[in-house]
1. Among ARG120, ARG149, which is the only one that is under 20 Å from VAL189 (Cα atoms) and basic (Lys, Arg)?
2. What are the residue pairs meeting all of these: first residue in the stretch 88-110, first residue free of Cβ contacts under 8 Å to residues at least 12 places away in the same chain and not assigned by TED's automatic domain parsing to the domain that holds THR194, second residue hydrophobic (A, V, I, L, M, F, W, C) and outside any helix (DSSP H, G or I), Cβ atoms under 7 Å, and 6 or more apart or on different chains?
3. May I ask you to say which residue of GLU223, GLU204, GLU249 is under 22 Å from LYS50 (Cβ atoms), charged (D, E, K, R) and assigned to a helix (DSSP H, G or I)?
4. For the stretch 265-316, what are the residues that are more than 30 Å from LYS50 (Cβ to Cβ), part of a loop (DSSP other than H, G, I, E, B) and acidic (Asp, Glu)?
5. Taking into account only those residues within the stretch 210-233 that are charged (D, E, K, R) and either modelled with pLDDT under 90 or surrounded by fewer than 19 Cβ atoms within 10 Å (Cβ to Cβ) (or both), which is nearest to GLY273 (Cα to Cα)?
6. Filter the stretch 10-47 down to the residues that are under 16 Å from the mean Cα position of the chain (by Cα) and not in a strand (DSSP E or B), then identify the one that is surrounded by the most Cβ atoms within 10 Å (Cβ to Cβ).
7. Restricting to the stretch 174-201, name every residue that is within 19 Å of VAL214 (Cα to Cα) and surrounded by fewer than 20 Cβ atoms within 10 Å (Cβ to Cβ).
8. Looking only at the stretch 286-321, which residues are β-branched (Val, Ile, Thr) and either modelled with pLDDT under 80 or buried (at least 17 other Cβ atoms within 10 Å of the Cβ) (or both)?
Amino acid sequence: MATPHQARPAAISATGLRKSFGEKTVLDGIDLNIPQGTIFALLGPNGAGKTTAVQILSTLIGADAGQVTIAGHDLDREPEKVRAAIGVTGQFSAVDNLLTGEENLLLMADLYGFGRRQARQLTADLLDRFDLVEAGRKPASTYSGGMRRRLDIAMTLVGNPSIIFLDEPTTGLDPRSRLSMWEMIRDLVSDGVTVLLTTQYLEEADQLADRIAVLSGGKLVAEGTPAELKRLVPGGHVVLRFADEAGLERAASTLGVATRGDDALTLQIPSDGSVQSVKSLLDWVEAAEIAVEGLTIDTPDLDDVFFAVTGRPDNEKVTTR
C-alpha cells in the first residue's frame, strides 16, 4: 500500500524564504513542504516569483533569508550534496543544437564522470525510454519542440536525481506533445522521483499535481490539493435529475434553496462538491424515497481559484488541510 502523502518525509522543505532584487521583493517569506514521490505545482501570474523560487531551491541563486532542506541536506551548508540530488529543466532548453541527441547525452554522462562503456549504455537506455532512438544520431537542431523537451529531460536524468525541478516544461508545445510530456512526468514520479513543477497552464497543474501552491505578490496565497482549492471558491452545485415531474416537485418544495429546471426535470443545489456534502444529499434523497435518475457535480475549476486568490495579492495564505 502506498504511503499517504502527508506521512512521507519531505523531499523539499522551506521556511521563511525571502528574495529581493533592489527594492523589489520577489519572495516574501514563503513556506513549502513537499513530500517525497509527489508532484507539487507552483502557480502564479508572470512575475509572481515562480522561477526565482526554483532558482533558489536549485542552488542557482542565493536567498536573502530563510531555511531550506532538500533531500535531507541544508541548502546553505551542503550545496554540493543538494546539487547531487537534484535535476533541473528550465524554461529554455539546455540542448546543444550542434550535437546529436546521442552526443548531448554522452556529454552529460562525461560531465558526471561516467566511464565510456557505462555512458554509452546509459545513453542508449535514455534514448529508448524517451522514444528518441531513431532521432538519436540526428542534430538536435532538426528536432521538434516536443523532441527537444524529451531530450532535455533525458539529459536531466543522467545524474539519476531524486528531485527534479521542471520550470514551465510544456511552454510552446502542441497539445499532443504536452500530453506526452505529462505521461513522462507521471512515469518519473511512479519511479519515486519528486517533481516541483511551475506552470502557467492551470489544466496541467490540475491533471498532474498532488498539491498546488499559488504565488501572488511574493506570497503563497493558497495551497492544497486541486479538489481542496476548488472548494475555496463559492458557486459549486449538485444537479439532480428526476424520473418524473412529481419527484421534482416534491424535492423542490422540501429543499427550497434549489434552482429548478422544469423542462429537464432538474434541481440545482448549492454544494462545495465534497464527499460529505454529496453523501448527505443522497441520504436525504433515499430517506425521502424520491426517484432520481442522475446526479452531476459541478465545482469551480482552477481558473476560478487562480483569479480569486491572485486578485487579492495582500491576502494571507489560505491553506487547506
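The values are calculated or read from the model by the stated rules, or taken from the named source; none is laboratory data. Remember, predicted model here, so these are calculated numbers, not experimental data. Cβ atoms come from the backbone with ideal geometry, glycine included; neighbour counts cover every protein chain shown.
1. Working: ARG120 fails: under 20 Å from VAL189 (Cα atoms).
Only one candidate passes the filter, namely ARG149.
2. Taking only residues 6 or more apart or on different chains, the pairs are LEU107/LEU99.
3. After ruling out the rest, the residue left standing is GLU204.
4. Answer for the stretch 265-316, where residues must be more than 30 Å from LYS50 (Cβ to Cβ), part of a loop (DSSP other than H, G, I, E, B) and acidic (Asp, Glu): just GLU289.
5. Ranking the candidates gives ARG231 first.
6. My answer is GLY44.
7. Of everything in the stretch 174-201, those that are within 19 Å of VAL214 (Cα to Cα) and surrounded by fewer than 20 Cβ atoms within 10 Å (Cβ to Cβ) turn out to be GLN200, TYR201.
8. Taking the stretch 286-321 and keeping what is β-branched (Val, Ile, Thr), we get 290, 292, 296-297, 299, 305, 309-310, 318-320.
If the condition is that a residue be β-branched (Val, Ile, Thr) and either modelled with pLDDT under 80 or buried (at least 17 other Cβ atoms within 10 Å of the Cβ) (or both), then ILE290, VAL292, THR299, VAL305, VAL309, THR310, VAL318, THR319, THR320 are the ones that fit.
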